[in-house]
Structure formats: C-alpha cells, structure tokens
C-alpha cells in the first residue's frame, strides 16, 4: 500500500497531475477545496473521497482508490465545546485506523496547532486501533516551550509509550528537532525550512515499511510551500494481526 500526504497550499484541482504521478492508493491533502468542485473533471474521478473543513475552499481530504475499503470513524473532536481542527479519522480495510491531520490555530495560544492534537489524543487515543496519524502538524520540538505543561516532545513521548513512532525519524535515524530534511519552506524560501509534517504509525506497521521519502523542495515549491511525504508498506495481515 502506498500513502501520500501533502499540504497542497490550496487550489488542489490545479495540482493533481504532479501528485498523481506517485500512483498512490491513498492521498491525504491539506488545504484542499471540496472535491465536489473538481473531481468529476479530474484524473481522480474514480477515487472515493472524504473531506472536512470550515468552508468549501480549504479543508482536509482523503482520496482513495475504489478498491480500498474505508469507513469514517466517529470520534470526539471537541475541547470545551469547541471543535478541534482538523482531524479526519477512518478505518482502512478493517486493518488499521488512519487519522488525517491538519492542525490549526486556537483562541488560546497554548492550545494552538500541536495543542489541538494533544486534546484529540486525550479524547481518542485509547479508541484507535493500530493507529497512523499523518499530516501537517505545524509543530516541531525546536518550539517546545517551558511555560506549558505539554509540548511537541511530550506528545512524541505519549505516542512512543503506545509504540507509535515517527516514520521519518525511524527511517532516517535522526532526533526530533534535528531533521536534515525539511517539509515546509516559509514563503517558498529554501533558506527557511522546517520539519512540520509527520507520519506517526504503530510499530507493527513501521516494521513493514518498504519505502519512505520526502519530496524534493526544488521540484515541489513550484506548487506549494510543503513537500509530499510518500510511504509504501505492507499492511498487517487481517488473519494474524501482525
């Protein structure tokens, strides 16, 4: 199975051709307009999709080949009567649960971006089977703050305690905050790169990785300030669960 994650920077309908070259089974796209606006006229017209957003122009989408069985999960996406943004949880082939992620700002700075993910985990981590969290987290341990009772590194630890690890750091043998490859370039400037897009996956799936890589910014900055993440792996067997 191949999964591609990409924050397309908006107007996905104009950028489908370059990302489609990966021939992925599943595409997770942030800043994507509602697929009803374009999918029937695109090369993705045979794909199924799920989408979430606050307006029709920018949201979080999952596209999947028609033979891939996907079911949306009903999880708790609220914190103090406010919706956590944005999380799109699905079950893939009754095999593992995937949560597409595009974290947002919040009224209180302490709960912006990775803080949204923190509360999502608090609400739902115990309910998610063989998890994969994938997307634009807008976070890195270089921004850990001493005056919060949680930060990026704390959340990495929470996940690792459940045998959920970062695919990039596992494959590259690098520490959080010391990433040699950047996934986001502010204002498309090659000199202003940060690693803020991640795939956190259950260790049983990580061990079945066949290939993982980040797109080359020299190729992708033409389209977006983010590069794609591309992961190919063998899903765990339904029969034996390993």
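Only the coordinates and a few stated rules stand behind these numbers; no lab work does. Since we're looking at a predicted model, the values are computed, not measured. A quick note on method: Cβ atoms are made from the backbone with ideal geometry, for glycine too, and the neighbour counts reach across all protein chains shown.
Between 94, 36, 23, 76, which is surrounded by fewer than 17 Cβ atoms within 10 Å (Cβ to Cβ) and assigned to a helix (DSSP H, G or I)? Of the residues listed, the single one that is surrounded by fewer than 17 Cβ atoms within 10 Å (Cβ to Cβ) and assigned to a helix (DSSP H, G or I) is 36. The sole residue among 229, 205 that is closer than 20 Å to residue 23 by Cα, touching a strand residue (DSSP E or B) at 6+ places or on another chain (Cβ under 8 Å) and crowded, with 17+ Cβ neighbours inside 10 Å is 229.
For every residue, the table says whether it meets (1) touching a strand residue (DSSP E or B) at 6+ places or on another chain (Cβ under 9 Å); (2) over 25 Å from residue 48 (Cα atoms).
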residue	(1), (2)
80	no, yes
85	yes, no
88	yes, no
91	yes, no
103	yes, no
116	yes, yes
130	yes, no
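When residue 66 is tested against the conditions (1) touching a strand residue (DSSP E or B) at 6+ places or on another chain (Cβ under 8 Å); (2) over 20 Å from residue 201 (Cβ atoms); (3) buried (at least 17 other Cβ atoms within 10 Å of the Cβ), the lone failure is (3).
Closer than 30 Å to residue 174 by Cβ and surrounded by 16 or more Cβ atoms within 10 Å (Cβ to Cβ), is that true of residue 49? Can you show your working first?
Values: closer than 30 Å to residue 174 by Cβ: no; surrounded by 16 or more Cβ atoms within 10 Å (Cβ to Cβ): yes.
It is false that residue 49 is closer than 30 Å to residue 174 by Cβ and surrounded by 16 or more Cβ atoms within 10 Å (Cβ to Cβ).
Would you mind stating whether residue 138 is more than 18 Å from the chain's Cα centre (by Cα) and either touching a residue at least 12 places away in the same chain (Cβ under 8 Å) or within 21 Å of residue 228 (Cβ to Cβ) (or both)? So residue 138 fails the test.
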